[in-house]
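Asks: First the structure, which I've put down as structure tokens, then a few questions once you've had a look.
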Amino acid sequence: MSIEVKNLLKIYGNQKAVNNVSFKINKGEVVGFLGPNGAGKSTTLKIITGFLKQSAGEVAVCGLNVAENLLEIKRKIGYLPESNALYNDMYVGEYLNFIAAIHQLKNKNKAVSEIIERVGLGNEFKKKIEQLSKGYKQRVGLAAALVHDPEVLLLDEPTSGLDPNQIIEIRELIKNLSENKTILFSSHILQEVESICDRVLVINKGEIVADDKLSKLQTSTKNDCIVVRFSEYVDRNLFNKIENISNIEMLQTENEKTTSLRITTTNPEAVRKQILALALQHNLNIVSLQSENISLEEIFKTLTNKKTT
């Protein structure tokens, strides 16, 4: 077991930032950690790394209790915090050699050369960190987290603030790293989690509200999606009287009218019948009417809108 969290509790004043959180992550798994701002993601990650002490509960990494083996745990963990604090006046190579020295690596020059190549910093290592784009600064942070070849990698919002091209680059890098690392990373970009992870943890108001493979979350949710396409523009308000609808999304719009709708419902069969009756009543031509797997975004909305007790 690479990460094991049992009944984790962190209290700030009267607020439970993390409330009785438990989960396990096996060796080699890549797990997405999702939740709204303030849900407890960063606090949980900081406790796992030993940067923050919990109020109660236990955390083990690679079979070692974090509170009792803090120095050994830091050798086994690579951590990229949300605020990627770097020494901007240092050169990239100089900074990574400094980090390697902190880890007391026997052959730090070799380790730094290998990690520079692995994260794509070959053309940047002679530059000062302050001269780099945010995307390359994130690569430096990743290189610092990886230079000692840790077994476990914790990434807190690794693509925050990056442009689309930079996000793709970091995403591909994480995929490549997943071949021989256990990775837990938090993200607000749901497509990113879908593309990298099979399993997700969802935390809301300090409590775990879901822990499963994406495929199971999509099939176990009580909601289903129906996509209906018309040959003409229709008024969205026509559909407001249909029962058992939890959300209506206009896909192709012109002002307040649309040719396509994605409807989230708890009773897809009943909704299909009502759509057909409505189309007949208003002389609307249906091009297609089909079911879709509910998206991670819809699952996230459903789970984080629940009230926790």
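Asks: Take every DSSP beta bridge with both residues inside the chain and express the antiparallel ones as a percent of the total, to the nearest 5. Please list the in-between numbers first.
Replies: On the way: 44 of 61 bridges.
If we restrict to bridges inside the chain, about 70 percent are antiparallel.
Asks: Something else about it: In a Gaussian network model over the chain where Cα atoms closer than 10 Å are linked, find which of 177, 280, 64 has the largest mean-square fluctuation.
Replies: For the chain, modelled as a Gaussian network with Cα springs under 10 Å, the answer is 280.
Asks: Could you sort 226-236, 154-164 so that the peptide with the highest average Cβ count within 10 Å comes first and the rest follow in order?
Replies: Output ranking for 226-236, 154-164: 154-164, 226-236.
Asks: From the phi of every residue in the stretch 140-154, what ³J(HN,Hα) in whole Hz does the Karplus formula 6.51 cos²θ - 1.76 cosθ + 1.60 yield, where θ is phi - 60° and glycine or proline is x?
Replies: Residue by residue, the stretch 140-154 yields 5, x, 5, 4, 5, 6, 10, 4, 8, 6, x, 7, 10, 10, 10 Hz.
Asks: 7 Å from Cα along Cα→Cβ at both residue 15 and residue 280: what's the point-to-point distance in nm?
Replies: Computed distance between label sites residue 15 and residue 280 equals 5.5 nm.
Asks: So if I restrict to the alpha-carbon atoms in the chain, what is the Rg, and what is Dmax, the biggest pairwise distance, in Å?
Replies: Cα-based Rg and Dmax for the chain come out at 23.5, 78 Å.
Asks: Can I ask one more? How high is the relative contact order of the stretch 222-293? Use alpha-carbon pairs under 8 Å, at least six apart in sequence, and give a whole percent.
Replies: 47 percent
Asks: Please work out, to two decimal places, the log10 of the ratio I(q)/I(0) at q = 0.15, 0.19 Å⁻¹ from a Debye calculation in which every Cα of the stretch 154-273 carries one identical scatterer.
Replies: Listed by q, the Debye log ratios stand at -0.89, -1.04.
Asks: A follow-up question, please. I need the phi-derived Karplus couplings for the stretch 13-23: 6.51 cos²θ - 1.76 cosθ + 1.60, θ = phi - 60°, integer Hz, Gly and Pro marked x.
Replies: x, 9, 9, 8, 5, 10, 10, 6, 7, 9, 6
Asks: In a shell of Cβ-Cβ distance under 9 Å around residue 267, excluding residue 267 itself, what net charge do Lys and Arg (+1) and Asp and Glu (-1) give?
Replies: Local net charge: -3.
Asks: Another one. Whole-Hz ³J(HN,Hα) for each residue in the stretch 179-188, computed from phi via Karplus 6.51 cos²θ - 1.76 cosθ + 1.60 with θ = phi - 60°, x for glycine and proline: what do you get?
Replies: Computed from phi, the couplings for the stretch 179-188 are 5, 9, 10, 8, 10, 10, 9, 9, 7, 9 Hz.
Asks: Still on this structure: I need the calculated FRET efficiency for the pair residue 24 and residue 229, taking r as the beta carbon distance and R₀ as 51 Å, to the nearest 0.05. All intermediate terms of the calculation are to be shown ahead of the outcome.
Replies: On the way: r = 43 Å, r/R0 = 0.85.
My answer for the efficiency is 0.75.
Asks: Separation between the residue 87 and residue 216 pseudo-spin-labels, each 7 Å from Cα along Cα→Cβ, expressed in nm?
Replies: Here the modelled spin labels are 4.6 nm apart.
Asks: Further question on the same structure: Work through the residues other than residue 135 whose Cβ is under 15 Å from its Cβ and net out their charges, Lys, Arg +1 and Asp, Glu -1.
Replies: Neighbourhood net charge equals -2.
Asks: What does the extension gain come out to for residue 128 and residue 180, with contour length at 0.36 nm per residue minus their alpha carbon separation?
Replies: Length difference between fully extended and current span is 15.7 nm.
Just so you know, all these numbers are worked out from the coordinates, no wet-lab data involved. Bear in mind the structure is a predicted one, so any value in this text is a computation, not a measurement. FYI the Cβ positions are ideal-geometry reconstructions off the backbone, even for glycines, and counts take in every protein chain you see.
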